[in-house]
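Throughout, read-outs are computed from the coordinates displayed, never taken from laboratory work. This one's a predicted model, so the numbers in the text were calculated from it and none came from an experiment. Glycine also receives a Cβ, built like all others from the backbone with ideal geometry; neighbour counts cover every protein chain displayed.
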Amino acid sequence: MFRIGINKLALIRKFPVNPGIPLLIVLLCIVMAIFAPYIAPESPTKQSLPNQFQEPGYVDKDGTKHYLGTDKFGRDNLSRIIYGARISLVVAVLTIIIAAFIGTLLGLVAGYYGGWVDSLLMRITDVGLALPLILVALVLAVVYGAELIADLIPINVVLVIGLLLWPRFARQIRGETLAIKEQDYIALARVAGCSPMRIMIKHIFPNVIPTLLVLCTLNVGYVILLEASLSFLGVGVPPETPTWGLMVSDGKGVIATYWWISLFPGLAIMFLVLSLNFFGDWVRDKLDPKLRQV
Amino acid sequence: MSALLDVQNLKTYYFARRGVVKAVDGVSFSIDQGETLGLVGESGCGKTMTCHSILKLLPKPGGRIVEGQVLFEGEDLVLKTERQMRRIRGAKISMILQDSMTSLNPAYTIENQVGEVFAIHQKLKGRALKEKVIEALKLVKIPAAETRLRAFPHQMSGGMRQRVAGAIALGAKPSLIIADEPTTALDVTIQAQYLNLLKEIQAETGVAMMFVTHDLGVVARMCDKVAVMYAGRIVEKAEMKDLFRHPRHPYTIGLLACLPKMDAELDKLVSIPGQPPDLGALPDGCHFAPRCPECMEICKQKYPEERLARDEHYVSCWLVEK
Amino acid sequence: MNDTILEVKGITKHYPIVAGVVRTKPIGWVKAVDGIEFSIRKGETFGLVGESGCGKTTTTKLILLLEEATEGAIMFRGTDVFSIGRSGLREYRRAVQAVFQDPFSSLNPRMKVRDIIEEPLVTLHGFSKKQREERIAECLDQVGLPPGSGSNYPHEFSGGQRQRIAVARALAPNPDLIILDEPVSALDVSVRAQIMNLLKELQDRFGLTYLMIAHDLAVVRYMSTRIGVMYLGKLVETGRSEDLFNDPLHPYTEALLSAALPTHPDTSRNEIVLTGEVPSPVDPPSGCRFHPRCPKAMDICSHIEPVLARMEPDREVVCHLW
């Protein structure tokens with residue numbers, strides 16, 4: 001009876017930190033994105049009028065099986081999802097790098113120096129947080145047009161989301177910096193003669209890395225959703241580009257009859273974002289030396 | 001005549017992911033009506049877990065009483081349900097904790113917090129409740145008690161907050177108070193005031209006290225009996241003066257010797273080598289053996305059972321003849 | 001007086017209390033340290049005692065240049081540290097090191113022990129990688145840690161061992177003065193003696209000078225050669241350790257000593273329990289700051305501030321009685 005108790009407890013505490021399946025899904029998406037031309041059964045842009053609106057499992061007259069059906073131009077849904085992973089992940093990685101860099105830098109500086117530096121940077125951050133994303137995106141789309149660099153990077157989307165995202169990083173990193181600054185080891189570093197630069201890089205930064213990583217993984221999910229929303233609105237990405245958001249948007253008018261067009265890319269978004277969130281929690285647990293001790 | 005609180009072979013373990021932490025591992029002691037017992041030990045020796053076991057306020061999930069009895073007024077608290085325990089906590093056994101900054105809720109006024117005990121256990125309301133609160137605050141000698149009712153904890157000093165904590169603990173006239181390091185966070189002069197206050201209240205109300213502390217000075221000042229705890233077990237227990245005059249367990253002897261004295265110039269302190277052990281990975285045999293200056297072969301193999309050294313003086317050590 | 005290492009001259013620190021939502025402005029000042037003077041001689045341990053909020057920690061922060069003084073000067077070997085140039089400051093940063101109370105917050109959890117100890121050497125420049133390695137090994141050995149511990153992280157050590165790491169780091173740049181801010185109060189009782197003995201041993205070996213802060217009077221007595229007693233931002237009495245303990249001159253010192261609990265029940269003492277609490281440093285009492293609580297207060301005490309009286313070469317007291 002006593003033994004069952006122990007096992008139960010172990011189970012309860014282990015459940016949320018098992019990274020196996022989420023990690024697998026994330027890896028699958030990455031592999032899909034990198035090797036899309038080799039994996040996808042068809043070109044994502046190949047149109048075929050006789051194959052319009054075919055349901056999942058349909059075999060066309062060339063003998064190609066469309067596992068997830070086709071859309072209104074007869075394009076293969078599965079191939080488009082596989083190629084769509086590219087845009088999603090490229091956007092995610094680039095925007096997170098931009099946002100994390102700017103946000104961490106400003107957060108560290110604001111938190112460490114405090115005073116008017118802090119006030120100024122935080123007001124800028126507030127402005128950043130108050131920008132209405134859709135409006136900014138629409139304006140950029142009108143001014144610069146929807147453009148892909150190297151067929152892969154929707155530069156407007158990256159800029160807009162990066163702009164929207166860095167304040168989230170800055171805020172959190174600043175808060176963390178404020179707490180770390182009060183630790184005795186920072187005072188001792190000053191006693192040892194460290195410059196503010198060295199303190200920020202050597203002492204504070206390594207201690208915000210767990211927070212930073214969690215922020216990154218959790219925000220990857222958010223970015224993918226944002227990218228999907230922007231694509232859904234037809235902003236930033238040329239219309240023929242295979243992205244998950246655009247695919248959901250394409251199917252929205254006919255969802256009652258041809259449900260597969262929207263459903264599968266929608267599920268792809270959901271699973272990837274969910275996996276990233278789980279993965280983020282796991283990363284945090286792993287990286288915290290205090291938690292590791294227990 | 002039976003004791004007010006009689007703890008028999010209490011074992012409380014904490015089940016963590018990495019294994020079992022034997023926080024309390026077969027602890028027995030008793031407290032009589034109106035008596036003060038000092039439970040002495042270092043951090044992590046299981047003394048706080050012992051207190052929490054008595055009130056059944058164990059960390060969940062993971063902490064549980066595995067064995068033993070906690071007889072309070074003749075009834076075994078281990079067998080009580082959560083609902084029955086709630087009627088005992090605060091009303092019959094109450095607690096004073098170390099840090100009044102966190103043991104008082106910053107969002108409520110003093111009146112609200114002190115009044116809670118009466119509202120729950122005596123179902124008082126309105127005027128009667130307010131009078132009871134003032135009475136309780138007066139008992140702990142808070143000056144101008146009436147004007148303090150609307151104050152929030154952060155508006156009071158550490159000493160005053162600790163008195164409020166005392167008022168809450170004493171409010172429902174319990175027969176036992178468990179004080180867990182009640183003066184550790186206080187300044188020296190305030191500590192002296194507070195200890196005097198507790199002694200006066202004890203003389204007035206006849207409440208029994210269990211003083212959990214690492215400070216032997218507090219024990220010498222307050223307690224009738226002492227139990228010394230090391231790594232989850234009580235290694236020595238005796239009348240207070242007897243323990244200070246004739247300590248028998250090498251740990252107790254070391255503990256008394258390693259303290260600097262106020263009234264003497266010393267060249268070098270006697271020190272106990274090593275560190276207190278990890279409760280999750282205790283050594284075989286006597287837990288103190290790796291640090292003991294008089295460790296023998298048998299000490300490394302078998303834990304010494306408790307034996308009587310002289311009147312009412314129990315020691316768990318192989319050096320003491322049975 | 002050429003053996004004086006550090007001289008604190010009328011140093012004052014006032015913190016503003018700000019109010020207002022949009023435009024903040026100071027509405028008062030917390031007089032944390034209010035014009036204190038003392039000097040520390042080579043090879044001695046100067047102990048600063050006092051209750052929380054008396055300004056002893058602020059004093060060390062001022063000496064360590066972690067806070068900017070409102071007024072006054074700190075002379076290090078005859079030069080004012082507030083106005084020394086870059087190279088002078090670098091030398092001061094080498095010569096003055098610190099060990100803080102909490103060994104958990106004073107070691108960066110993400111740095112290896114080796115890097116923690118190396119840090120003061122890196123910022124000093126002028127050491128090759130090899131020299132630094134040697135110095136680290138030397139310091140680890142001096143504080144009694146195994147040579148391999150450099151590649152571990154702080155969380156792998158217990159409290160006492162962490163404090164040893166903190167001491168090793170302070171030793172690394174061969175300092176002249178080490179500030180010890182409550183170096184043992186966060187440690188287990190049985191480990192305290194080890195650390196105190198270590199500190200004394202290192203002092204003898206390397207001719208170190210300590211400025212130690214502690215609230216535990218027995219610890220101060222054991223460690224210090226001279227002691228300064230602070231009350232509400234002022235130094236009220238200084239003297240050689242045994243003189244001060246055997247014959248306290250200031251009524252506050254007397255009360256402080258009597259409030260400390262002897263660690264043995266058979267020790268007799270005459271007890272002076274102070275009434276009231278330490279007043280707020282925002283609005284300290286007029287005249288002598290101690291007069292509202294002083295058992296020997298006279299008329300003059302409430303309106304005229306006493307001046308420093310030099311009793312013997314090494315004895316100073318600020319009280320109207322003398």
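The tail of the calculated P(r) for the protein assembly as shown, taken as Cα-Cα distances beyond 44 Å, holds 46 percent of the pairs. Share of pairwise Cα-Cα distances greater than 21 Å in the stretch A:19-132 is 59 percent (whole percent).
Over all Cα atoms in the stretch B:86-170, the spread is summed up by Rg and Dmax: 11.8, 32 Å.
Only the Cβ atoms of Lys and Arg (+1) and of Asp and Glu (-1) were treated as charged; on that basis the dipole of chain B about its Cα centre amounts to roughly 1240 debye. Projecting label points 7 angstrom from Cα along Cα→Cβ for B:K138 and C:L321 puts them 3.5 nm apart.
If you wrap the stretch B:226-266 in the convex hull of its Cα atoms and look at it from every side, the mean projected area works out to 3.3 nm². Helices of chain A meeting both criteria, an alpha-carbon length of 18 angstrom or more along the long axis and an average Kyte-Doolittle score not below 1.6, with helices taken as full DSSP H segments, are A:20-34, A:77-113.
Amide H to amide H distances under 5 Å link B:V66 with B:K11, B:T12, B:Y13, where only residues 5 or more positions off or on other chains count and H is placed in the peptide plane. By the count of other C-beta atoms within 10 Å, a proxy for reagent exposure, A:W260, C:W29, A:W244 are ordered fewest to most as C:W29, A:W260, A:W244.
For the stretch B:117-193, trypsin sites (Lys or Arg not before Pro) are listed when DSSP marks them as loop and at most 13 other Cβ atoms sit within 10 Å of their Cβ; the list is B:K123, B:K125, B:R150.
Taking every C-alpha pair closer than 8 Å and separated by at least 6 residues, the mean separation divided by the residue count of chain C gives a relative contact order of 20 percent. Note on the protein assembly as shown: helix-only mean residue ellipticity at 222 nm, from DSSP H runs of 4+ residues weighted -39500 (n - 2.57) and normalised by residue number, equals -13500 deg cm²/dmol.
What fraction of the Cα pairs in the stretch C:173-291, stated in percent, has a spacing above 18 angstrom? Here the tail beyond 18 Å accounts for 60 percent of pairs. Bridges between two residues of the protein assembly as shown, per DSSP, are antiparallel at a rate of about 65%.
Taking 16 Å as the cut-off, the amide N atoms of the stretch C:31-59 that come nearer than this to a point 7 Å along the Cα-to-beta-carbon line of C:E71 belong to C:31-38. For C:L235, the residues 5 or more places off, or on other chains, whose built amide H falls under 5 Å of its own are C:E37.
Not counting the cut sites, what is the longest span of chain B without GluC sites (Glu not before Pro) that DSSP labels loop and that have at most 14 other Cβ atoms within 10 Å?
B:1-264
Based on C-alpha pairs under 8 angstrom that are at least 6 apart in sequence, chain B has a relative contact order of 20 percent.
Peptide C:102-108 has a mean shielding of 5, counted as Cβ atoms of other protein chains within 10 Å of each residue's Cβ. One quarter of the convex hull surface built on the alpha carbon atoms of the stretch A:199-264 amounts to 6.1 nm², the projected area averaged over directions. Among C:S258, C:S224, C:S241, the largest mean-square fluctuation in a Gaussian network model of chain C, built with springs joining Cα atoms closer than 10 Å, belongs to C:S258. Here chain A is scanned for GluC sites (Glu not before Pro) in DSSP loops (not H, G, I, E, B) that have at most 14 other Cβ atoms within 10 Å, and the longest stretch holding none of them is A:1-146. Cβ-Cβ distance of C:D115 and A:I34, R₀ of 22 Å, FRET efficiency by 1/(1 + (r/R0)^6): the value works out to about 0.05. For the stretch C:159-164, the Karplus equation 6.51 cos²θ - 1.76 cosθ + 1.60, evaluated at θ = phi - 60°, returns couplings of x, x, 5, 4, 5, 5 Hz by residue, with Gly and Pro reported as x.
How far is helix B:110-121 tilted, in degrees, relative to the longest principal axis of the Cα atoms in chain B, given as a value from 0 to 90 rounded to the nearest 10? Here the helix axis deviates by roughly 80 degrees.
Here the Gaussian network model covers chain A, with springs between Cα atoms less than 10 Å apart; of A:L233, A:L246, A:L24, A:L24 fluctuates the most. Summary: within chain A, the longest segment free of trypsin sites (Lys or Arg not before Pro) located in DSSP loops with at most 15 other C-beta atoms within 10 Å is A:73-294. The mean sequence separation of alpha-carbon pairs under 8 Å and at least six residues apart, normalised by the residue count of the stretch B:184-316, gives a relative contact order of 20 percent. The HN-Hα couplings worked out from phi for the stretch B:17-34 by the Karplus form 6.51 cos²θ - 1.76 cosθ + 1.60 (θ = phi - 60°) are 4, 8, x, 9, 9, 8, 5, 10, 10, x, 9, 10, 6, 9, 10, 8, 3, x Hz, whole numbers, x standing for Gly and Pro. Across the alpha-carbon set of the stretch A:95-209, the Rg to Rh ratio works out to 1.11, Rh being the Kirkwood radius.
So what's the stretch B:190-266 giving for Rg/Rh, alpha carbon basis, Kirkwood Rh from the mean inverse pair distance?
Rounded to two decimals, Rg/Rh equals 1.00.
Where does each of B:K268, B:K47 land when they are ranked from fewest to most other beta-carbon atoms within 10 angstrom? Mind dumping the intermediate values first?
Values: B:K268 11, B:K47 27.
Least crowded to most crowded, the residues run B:K268, B:K47.
The amide H of B:M262, built 1.01 Å from its N in the peptide plane, has C:T263 as neighbours under 5 Å, considering only residues 5 or more places off or on other chains.
Taking θ as phi - 60° and the Karplus parameters 6.51, -1.76 and 1.60, the scalar couplings of the stretch C:66-77 work out to 8, 10, 8, 6, 6, 8, x, 9, 10, 9, 10, 6 Hz in sequence order, x denoting glycine and proline. Each listed q (0.07, 0.09, 0.11, 0.15 Å⁻¹) maps to a log10 I(q)/I(0) for chain B, found by the Debye formula over equal Cα scatterers with no solvent: -0.30, -0.49, -0.73, -1.27. Could you tell me what percent of the DSSP beta bridges with both partners in chain B are antiparallel, to the nearest 5? Expressed as a percentage, antiparallel bridges in chain B total about 60.
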